[in-house]
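Structure, as structure tokens:
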Amino acid sequence: MSDKPPTMPLNRRQALSLIAVTAGGGAFLPAAATAQTSPYAGLALFDAGAGVCTITPEVTEGPFYFDPKLERADVTEGKKGVGLDVRLQVVDTACRPLAGARVDIWHCDAQGAYSGYPGQADGQDVDTSGQTFLRGWQKTDESGIVSFATIYPGWYRGRTTHIHFKVFPNERSVMTGQLFFPDGLSDQIFATVSPYNDRPGKRDTSNARDGIARRAGPLSQAALREAADAYQALLVVAVKAG
């Protein structure tokens, strides 16, 4: 039996209909790219001097960050859920890819629990101290890209669905952000797919009601597409590298 996380029973057209915005709210895509034909115009989005990129908004780190010192592409550690390939492209303000930047991600599991802390899950009675699931870091390649194999994040009270990330463009700088997902896709996954739908109750916060998501705006909304064995989410992260 395969250990791969299950995928959603949606076809490509249905998946694309749930996309809220293209990568960077359309700010970073070439003019010829559209959401229907190319949700994020492939991976290599930029040529040198392609234009001026709007700095990705920074938001709160949140209470659950720690560095597990795990450089890895697959962060699932056996956690069950809908497969998700997270691809972040780090660029500077002139849209030039930044190679060698460190990128950390971390997020909750299908039950809303983070690794490494007590007081997790709906009853705040789950202790995940010492665990490192759904955390890891990598360095960007020559195109400024990192790719993490994970699962679609769950939810917890008071927050919309999101993935945290940190980008260290060099030893002197760090930016902290969060990546958000279309509400329609999240609602369908949480209502129809196990183990997301094994939880009592429904999530209480949408993107529009989440103050952090509102402050981050469309530049922090992931572009989503359906692949053979997982969803793919792309976010372009423009940073000041000084």
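Values in this text are rule-based calculations from the coordinates and carry no lab data. Since this is a predicted model, take the numbers as computed values, not measurements. No Cβ is skipped: glycine too gets one built from the backbone with ideal geometry, and neighbour counts run over all protein chains shown.
Counted residue by residue at 0.36 nm each, then reduced by the alpha carbon distance between them, the extension gain from Thr192 to Asp141 reaches 14.7 nm. Loop-located trypsin sites (Lys or Arg not before Pro) across the stretch 151-242 with a Cβ neighbour count of 15 or fewer within 10 Å are Arg157, Arg172, Lys202, Arg209, Lys240, with loop assigned by DSSP. Cross-link reach is defined here as a Cα-Cα straight distance under 19 Å, omitting same-chain residues fewer than 8 places apart; for Lys240 the lysines meeting it are Lys139, Lys166. Here the stretch 65-224 is treated with +1 on each Lys and Arg Cβ and -1 on each Asp and Glu Cβ, and its dipole about the Cα centre works out to around 320 debye. Between Val174 and Phe66, the simple spin-label model (points 7 angstrom out along Cα→Cβ) gives 1.5 nm.
Here the Kirkwood formula puts the hydrodynamic radius of the stretch 48-107 at 14.5 Å, using every distinct Cα pair. Does the stretch 112-242 come out rounded, prolate or oblate, given a ≥ b ≥ c as the square roots of the eigenvalues of its C-alpha gyration tensor, rounded meaning a/c under 1.5 and, failing that, prolate meaning a/b above b/c? It is prolate, given that a/c is not under 1.5 and a/b is the larger ratio. Measuring max minus min along each principal axis, the C-alpha atoms of the stretch 79-136 give extents of 47, 23, 16 Å (largest first).
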